[in-house]
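One structure below.
Nothing in this text is a laboratory measurement; each read-out follows from the coordinates by a stated rule. Since this is a predicted model, take the numbers as computed values, not measurements. Neighbour counts run over all protein chains shown; Cβ positions are idealised from the backbone, glycine included.
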Amino acid sequence: MESKKEELAVLERQSGDSELWNNQEKAQALMKQIGALRDILGLWEEASVACNDLAEFYEMAKAEGTEDLSESISKDVLALSQTVSEMEVRKMLDGPDDACPALLSIHPGAGGTESQDWALMLYRMYLRFLERENFDFRVMDVQDGDDAGLKSATIEISSEYAYGLLRSEIGVHRLVRISPFDSNARRHTSFTAVYIYPVHENIDFELNMDDVRVDTYRASGSGGQHINKTDSAVRMTHTPTGIVSSCQSERSQIQNRETAFKMLKTMVAEHYRQEEEAKRADRMCSKKKVEWGSQIRSYVLHPYQMVKDLRTGEETSDTTGVLDGKLKPFINAYLLSTSEEGQP
């Protein structure tokens, strides 16, 4: 905490420099750093005061044998424990991109309807999680499957630390269940890949539009008559990498085109950044490469109920809860493991 106090003092002195405000982007970034440090120090001070107060109350209750006070202390200790747990998670979010908002993208693997239905289940799971955690988000695009499920989905999460919390989800998710689409009720295994991209306010990357194919199509889903009668949705494909961004969340094609371009720029920039890091270190420094062999989590619904993270060993038999968005135990276990070993 002392080093953070010193860091805050230095940043506050820098914020007093009148020349700083000639560069609004730099000034805003500095103020965001100051705000984050103040939040951390404020939480620490509150927890320290609460801890000292509880220690005094405990001594009083022990001396006086007051049962009511003991019950009150127990509740306060539980609240303090939860606060400390949140502080520990925030302490682990110290990667270079962890404070960034994020794009979450879901793509089913081979397997047709089975994998597309699994992609839809994961899409719903993440929506529930984002709602549970009070994240600010919006669905940018959903491509429905041919018979069921979905072909792809993209969610923009604008809350701070979205990338840091959700980078644990990058990789291939494996589902084992009795297929509802198989008349013989056989067991099937399905795969879906989840990608998370950090969103930076200013990306130092130029996207060559000669390398981008732009397609328009009719948006699907809710939105009234207009959304179904005009080719307002936009899909952009970066041909050198095969990366695709789509947007149908805006009413006009122009707005969707601008949003799809920003998303594609973020995705392609991150792709090339990872490639460079892989060349230098022969491994991904900020996240594991997503391949069909790089399964990160297994969801078994038959013959038994189990969700297990293959990296940390975290597991639970509450499959219904997990698919309803109860992901914090898996996220925290992953953050703890990467904090101990260094960024993956």
Positive dipole terminus of the chain, leading residue within Asn52, Ile254, Pro198 (C-beta point charges) = Ile254
ask   = Per q in 0.06 1/Å, what log10 I(q)/I(0) does a Debye calculation on the alpha-carbon atoms of the chain return?
value = -0.28
ask   = How big is region 2-92 in terms of Cα radius of gyration and Dmax, in angstroms?
value = 19.4, 63
inquiry  = Quick check: the angle from helix 67-92's long axis to the longest principal axis of the chain, C-alpha only, nearest 10 degrees?
reply    = 50
remark   = Computed over the chain: longest principal axis from alpha-carbon atoms vs helix 253-281 long axis, angle to nearest 10 degrees, is 70
key: FRET E, pair Val84, Gln255, Förster distance 41 Å, beta-carbon r, rounded to 0.05   = 0.40
request  = Mind giving me the FRET efficiency for Asp215 and Asp182? R0 is 35 Å, r the Cβ-Cβ distance, nearest 0.05 is fine.
outcome  = 0.55
inquiry  = Just to be sure I understand: with springs between alpha-carbon atoms less than 10 Å apart, which residue in Ser85, Ser232, Ser105 has the highest mean-square fluctuation in the Gaussian network model of the chain?
reply    = Ser85
message = How tilted is helix 113-132 with respect to the longest principal axis of the chain? Cα atoms for both, answer in degrees (0 to 90, nearest 10).
response = 30
key: At q = 0.13, 0.22, 0.32 Å⁻¹, base-10 log of I(q)/I(0) for region 119-167 (Debye sum, equal scatterers on each alpha carbon)   = -0.32, -0.80, -1.27
query = Can you give the calculated 222 nm mean residue ellipticity of the chain, where each DSSP H run of n ≥ 4 adds -39,500 (n - 2.57) and the sum is split over every residue, rounded to the nearest 500 deg cm²/dmol?
reply = -15500 deg cm²/dmol
query = Listing His107, His188 from the residue with the fewest other Cβ atoms within 10 Å to the one with the most, what is the order?
reply = His188, His107
query = Cα-Cα over 31 Å: which of Lys26/Lys91; Lys5/Lys265; Lys91/Lys151; Lys151/Lys265; Lys75/Lys328; Lys4/Lys328?
reply = Lys5/Lys265; Lys91/Lys151
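So for region 162-205, considering every pair of alpha-carbon atoms, how many percent are separated by more than 14 Å?
On the way: 600 of 946 pairs.
Roughly 63 percent, once rounded to a whole number.
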